[in-house]
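*Asks:* Structure incoming, see below.
The values are calculated or read from the model by the stated rules, or taken from the named source; none is laboratory data. Please read all numbers here as calculations on a predicted model, not as lab measurements. Cβ atoms come from the backbone with ideal geometry, glycine included; neighbour counts cover every protein chain shown.
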Amino acid sequence: MKVAVIGAGIVGLSTANWLQNYNQETVLYDMNEPGSQTSFGNAGTYAQYANIPTNSPSFMYLFPYLLFSRNSPLFIKLKYFPKLLPWLYQFLKNSKRSKVNDTSDKLTVLLKMMENGYQDLFRDAECTKYLTKESILYLWSNKYFFSNAKKDFAKRMETGSKITILDKNQVSEIEPNIKNIFCGGALFEGSYFANDPKKISESLLKLFIDRGGLFKKEEVLDIVSETNQITLKTTESTETFDKIVICAGIWSKNITAKIGENVPLEAERGYHLMYPELSNIIKRPISWQERGVYFTPMSNGLRTAGTVEFAGLSAIKSQNVINFLDKTTRSVFRDVKQPSESWLGFRPSVPDSVPVIGQSEKNPYIYYCFGHQHVGWTLGGISGKLIAQQMSANKVDIDLSPYSLKRFKN
Ligand SMILES: Cc1cc2nc3c(=O)[nH]c(=O)nc-3n(C[C@H](O)[C@H](O)[C@H](O)COP(=O)(O)OP(=O)(O)OC[C@H]3O[C@@H](n4cnc5c(N)ncnc54)[C@H](O)[C@@H]3O)c2cc1C
């Protein structure tokens, strides 16, 4: 069978490699360098424990604080607010306790299988040197938020994660170079992170090409449905496939629109700053939970990553967000020099925070694999494996119906 994968972020790269594992002749399309968009600048954590969505019953009453506090990681561009409202309304509807539990359960199923999605790919792509096995640390500076967060620990452990709770002194013992401003933390034992996400994407692309896959640096402009086949029209060529899969992150909605499929995808804009002088200042990724910020010791320096900004795709980087990240870095570390780089990426998010994985209802030869919001770096591998199983008519390891786009049509 001849198949096409649209988009070569971590989700598309994983999908393309898994399709090859299931013996499909695969062409991968991206108009940019593979792994150069959202998958480039993330915090690099394999967050197996991340089954607690940003939707939360407390979101409603925390919203004014999140919007107006100088220490909040949420930013909304005023002019964009009217455009955001329909998605925000759906997001709030999915913030009821029953919905949040449902999301959490659906994420747990995928997160439990995280290793299953990456193990073979990492081994075959020889990229384990870009992984650092140091347990990820969450920290809280406020006792109220810390004790609230502890209520979710049992749920987080359903993913197979092990959590050790640390007090203020234990935090200082394992990370002596951070300021002593935290009241406690949670260590996710046995977790690990990518010390160079770009190199992981490059390794996965190389594996795909070495095994006979074709990468075309072209933008897919149109999809034409024909009897039993799909034709892709790109900036450079026209080619026909038996099946295609859309893995284009936030841009997936532009492509599904070509077949009349309206997808509630919104960009949760996230930023990073790089501090080369702070290389090796910490051993592991640290997340300051109240600030929604990660500090990750990447191979080329400390990366401060995080925040959620709603401003659409075309707005330029916000200096306010950059200042917030820089200020947060200075609150935690001493002798901080100017960041060498700032970066903006677009988390592809649907209102219930559950990725869309499965066959299109509009056309049985088209498949979807997008909407991985805050955990795409973690779930790329397993999402790719599951969609490749479905496309190859293999036995699928889990029931994919809870991840279907259909849920937004009820
Ligand atoms: C600041 C920040 C920190 C994060 N930290 C983490 C973390 O620690 N752990 C975690 O699990 N997740 C994290 N994430 C989330 C994660 O990075 C994303 O969920 C993930 O990268 C999404 O991958 P993707 O492949 O779906 O999208 P992308 O990486 O954006 O890839 C989509 C690709 O599709 C291509 N494309 C688009 N349109 C077309 C077209 N018409 N034709 C051809 N190609 C097309 C694009 O060029 C792009 O390369 C973070 C995100 C941000 C912003």
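*Asks:* For region 208-238, what are the residues that are farther than 15 Å from Ala16 by Cβ, touching a Ser or Thr at 6+ places or on another chain (Cβ under 9 Å) and at pLDDT 95 or above? Give the steps one after another, and end with the answer.
*Replies:* At the first step, the residues of region 208-238 found to be farther than 15 Å from Ala16 by Cβ are 219, 221-231, 233-238.
Those still in the list that are touching a Ser or Thr at 6+ places or on another chain (Cβ under 9 Å) too: 219, 221-226, 229-231, 238.
Those that are farther than 15 Å from Ala16 by Cβ, touching a Ser or Thr at 6+ places or on another chain (Cβ under 9 Å) and at pLDDT 95 or above: Glu219, Leu221, Asp222, Ile223, Val224, Gln229, Ile230, Thr231, Thr238.
*Asks:* In this structure, is Ile230 hydrophobic (A, V, I, L, M, F, W, C) and out of contact with any Phe, Trp or Tyr (no Cβ under 7 Å at 6 or more places or on another chain)? Break it down stepwise before answering.
*Replies:* Working: hydrophobic (A, V, I, L, M, F, W, C): yes; out of contact with any Phe, Trp or Tyr (no Cβ under 7 Å at 6 or more places or on another chain): no.
It is false that Ile230 is hydrophobic (A, V, I, L, M, F, W, C) and out of contact with any Phe, Trp or Tyr (no Cβ under 7 Å at 6 or more places or on another chain).
*Asks:* For region 117-127, give me each residue that is part of a helix (DSSP H, G or I) and either in contact with a Ser or Thr (Cβ under 6 Å, 6 or more places away or on another chain) or loosely packed, with under 14 Cβ neighbours inside 10 Å (or both).
*Replies:* Filtering region 117-127 down to residues part of a helix (DSSP H, G or I) leaves 117-124.
Across region 117-127, the qualifying residues are Gln119, Phe122, Arg123.
*Asks:* Same structure, new question: What is the residue count in region 257-308 for residues that are without any contact (Cβ under 8 Å) to a residue 24 or more places away in the chain and on the phi > 0 side of the Ramachandran plot?
*Replies:* Applying the first criterion (without any contact (Cβ under 8 Å) to a residue 24 or more places away in the chain) to region 257-308 yields 257, 262, 279-280.
Filter once more, keeping what is on the phi > 0 side of the Ramachandran plot: 280.
The qualifying residues number 1.
*Asks:* Would you say Phe333 is at pLDDT 95 or above and over 21 Å from Glu266 (Cβ atoms)?
*Replies:* On the way: at pLDDT 95 or above: yes; over 21 Å from Glu266 (Cβ atoms): yes.
Answer is yes for this residue.
*Asks:* Right, another one. Could you check region 158-175 and list, in sequence order, the residues that are among the aliphatic types (A, V, I, L, M) and over 18 Å from Asn142 (Cβ atoms)?
*Replies:* Pass one, region 158-175, residues among the aliphatic types (A, V, I, L, M): 163, 165-166, 171, 174.
Hits for region 158-175 are Ile163, Ile174.
*Asks:* Could you tell me which numbered condition Lys258 fails, if it satisfies all but one of (1) modelled with pLDDT under 95; (2) part of a helix (DSSP H, G or I); (3) not hydrophobic (A, V, I, L, M, F, W, C)?
*Replies:* Unmet for Lys258, out of (1) modelled with pLDDT under 95; (2) part of a helix (DSSP H, G or I); (3) not hydrophobic (A, V, I, L, M, F, W, C): (1).
*Asks:* I'm trying to understand the selection: among the residues of region 115-132, which are closer than 10 Å to Ser203 by Cβ and of a type outside the set (D, E, K, R)?
*Replies:* Within region 115-132, Leu121, Phe122, Ala125, Cys127, Thr128, Tyr130 meet the criteria.
*Asks:* Do any helices (runs of 4 or more DSSP H) lying entirely in region 7-113 carry at least 2 residues that are surrounded by 24 or more Cβ atoms within 10 Å (Cβ to Cβ) and in the same structural domain as Asn394 (by TED's automatic domain parsing), and which ones are they? Quick ask: steps written out before the conclusion?
*Replies:* Working: elements: 10-21, 59-68, 81-93, 97-112.
Correct list: 10-21.
*Asks:* Assuming Ile223 fulfils every condition listed in (1) under 15 Å from Val3 (Cα atoms); (2) away from the ligand (no atom under 15 Å from the Cβ); (3) among the aliphatic types (A, V, I, L, M) apart from one, which condition is it?
*Replies:* (2)
*Asks:* Hey, among the residues in region 147-202 that are part of a loop (DSSP other than H, G, I, E, B) and of a type in the set (Phe, Trp, Tyr), which one's farthest from Phe333 (Cα to Cα)? Write out each step before concluding.
*Replies:* Filtering region 147-202 down to residues part of a loop (DSSP other than H, G, I, E, B) leaves 151-152, 158-161, 175-183, 190-192, 195-196.
Remaining after also requiring of a type in the set (Phe, Trp, Tyr): 182, 192.
Values: Phe182: 13, Tyr192: 22 Å.
Top of the filtered list is Tyr192.
*Asks:* Quick one: in region 15-38, of everything that is in contact with a Phe, Trp or Tyr (Cβ under 8 Å, 6 or more places away or on another chain) and within 19 Å of Gln119 (Cβ to Cβ), which residue is farthest from the ligand (Cβ to nearest atom)?
*Replies:* Looking at the filtered set, the residue picked out is Gln20.
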